[in-house]
1. Considering each of Ala78, Ala107, Ala89 in turn, give the residue that is closer than 17 Å to Ser237 by Cβ and touching a Gly at 6+ places or on another chain (Cβ under 8 Å).
2. Leu232 - would you say it is buried (at least 24 other Cβ atoms within 10 Å of the Cβ) and within 22 Å of Thr190 (Cβ to Cβ)?
3. Can you give me the number of residues within the stretch 40-98 that are more than 21 Å from Glu167 (Cβ to Cβ) and assigned to a helix (DSSP H, G or I)?
4. Of these, Lys194, Lys176, which one is crowded, with 21+ Cβ neighbours inside 10 Å, charged (D, E, K, R), in contact with an Asp or Glu (Cβ under 8 Å, 6 or more places away or on another chain) and within 27 Å of Leu283 (Cα to Cα)?
5. Has the stretch 255-272 got any residue that is at pLDDT 95 or above, under 20 Å from Glu182 (Cα atoms), in contact with a helix residue (DSSP H, G or I) (Cβ under 9 Å, 6 or more places away or on another chain) and outside any helix (DSSP H, G or I)?
6. Restricting the stretch 1-39 to residues that are in a loop (DSSP other than H, G, I, E, B) and closer than 22 Å to Thr124 by Cα, which is modelled with the lowest pLDDT?
7. Is it the case that Leu113 is in the same structural domain as Val265 (by TED's automatic domain parsing), surrounded by fewer than 16 Cβ atoms within 10 Å (Cβ to Cβ), over 22 Å from Trp259 (Cβ atoms) and in contact with a Ser or Thr (Cβ under 8 Å, 6 or more places away or on another chain)?
8. Kindly establish whether Ala46 is modelled with pLDDT of 85 or more and surrounded by 14 or more Cβ atoms within 10 Å (Cβ to Cβ).
Amino acid sequence: MRGRIVVRGGGKVTMRGMAERQDGQVEERSESVPPPVLVALMLEAAEKKAHLPIAALLARGAASGALLGAATLLAMTAWAQGLPRLVGAVVFPVGFCMLVLLGLELATGNFALLPAAWYRRRITAAAVVRNWGWVYLGNCLGSIGFAVLAVASLTGWWSHEAGPLGEQLRQLAASKVLLYRESGWLGWSTALTKGVLANWLVTVGTALAFVSRSTSGKIAAMWLPIMTFFGLGYEHSIVNLFVIPAGMLAGAPIGVGTWLIWNQVPSTLGNVIGGALFTGLPLVWTHGER
């Protein structure tokens with residue numbers, strides 16, 4: 001199923017979202033997509049993603065990482081201006097909406113889509129791992145690349161301090177790494193748990209990208225869970241690929257090993273669990289064809 005309107009007796013769909021039958025009568029089509037159709041569209045998208053060439057996965061992944069970094073910096077700009085934290089959550093979804101509408105690749109979204117397709121035997125486990133690995137690498141390159149350019153622009157290529165925004169970056173990076181390290185095993189487990197919750201909400205946004213046939217409907221649907229995740233301060237591994245390196249470049253006292261052990265690894269594992277077990281598999285099991 002491709003999510004298109006099928007008109008009995010033949011016909012076509014006009015640009016205004018109306019179905020024109022052969023007898024000349026026009027039927028209005030609904031902009032909303034019911035859950036069974038949504039799941040069918042998710043599976044179709046996952047199958048296409050699994051067969052993309054490596055160069056496309058890397059390029060689309062890098063663009064996604066950069067866009068999420070830009071959206072995160074936009075939210076932090078609001079905080080640096082003294083606005084409430086909720087304001088940052090309201091503006092952050094612009095990055096997610098842009099990357100989805102452009103058909104880019106985000107590893108955390110694929111943590112839900114591809115296991116669902118694997119469960120339905122549409123793709124192999126090897127195809128899942130291949131997609132995840134190359135897209136995650138692309139996300140990493142784009143996020144860190146944007147972090148370098150963003151901090152360079154704030155500091156005049158490290159000729160002066162980064163100002164209030166640099167302080168926001170340092171504080172946020174420290175809170176995402178050093179606080180977990182101070183709590184030891186419980187801190188690591190907390191980062192993992194926040195990773196699960198983050199990608200449960202983010203992949204709900206991924207699924208809701210298929211819930212409407214209109215651009216405005218897609219944006220409105222995606223905005224809700226993405227705003228919620230960011231506002232609650234959960235751990236999204238791709239966002240962290242921007243925030244923590246940017247904080248380090250701005251002067252946060254964090255080493256690469258400390259970052260990886262106390263945030264990137266547990267948040268990524270949590271994102272996999274949240275996407276696959278909390279969103280992708282439950283949706284395909286409850287709404288997919290038996």
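The values are calculated or read from the model by the stated rules, or taken from the named source; none is laboratory data. Predicted model, so just to flag it, every value in this text is computed and none were measured. Here Cβ is always computed from backbone atoms with ideal geometry, including for glycine, and neighbour counts include all displayed protein chains.
1. The conditions single out Ala107.
2. Here the answer is no, as Leu232 does not meet what is asked.
3. Qualifying residue count for the region: 33.
4. Result: Lys194 is the single residue among Lys194, Lys176 that is crowded, with 21+ Cβ neighbours inside 10 Å, charged (D, E, K, R), in contact with an Asp or Glu (Cβ under 8 Å, 6 or more places away or on another chain) and within 27 Å of Leu283 (Cα to Cα).
5. yes
6. Step by step, filter the stretch 1-39, then rank; the result is Met1.
7. Details: in the same structural domain as Val265 (by TED's automatic domain parsing): yes; surrounded by fewer than 16 Cβ atoms within 10 Å (Cβ to Cβ): no; over 22 Å from Trp259 (Cβ atoms): yes; in contact with a Ser or Thr (Cβ under 8 Å, 6 or more places away or on another chain): yes.
No: the conditions fail for Leu113.
8. On the way: modelled with pLDDT of 85 or more: yes; surrounded by 14 or more Cβ atoms within 10 Å (Cβ to Cβ): yes.
Against the criterion (modelled with pLDDT of 85 or more and surrounded by 14 or more Cβ atoms within 10 Å (Cβ to Cβ)), Ala46 qualifies.
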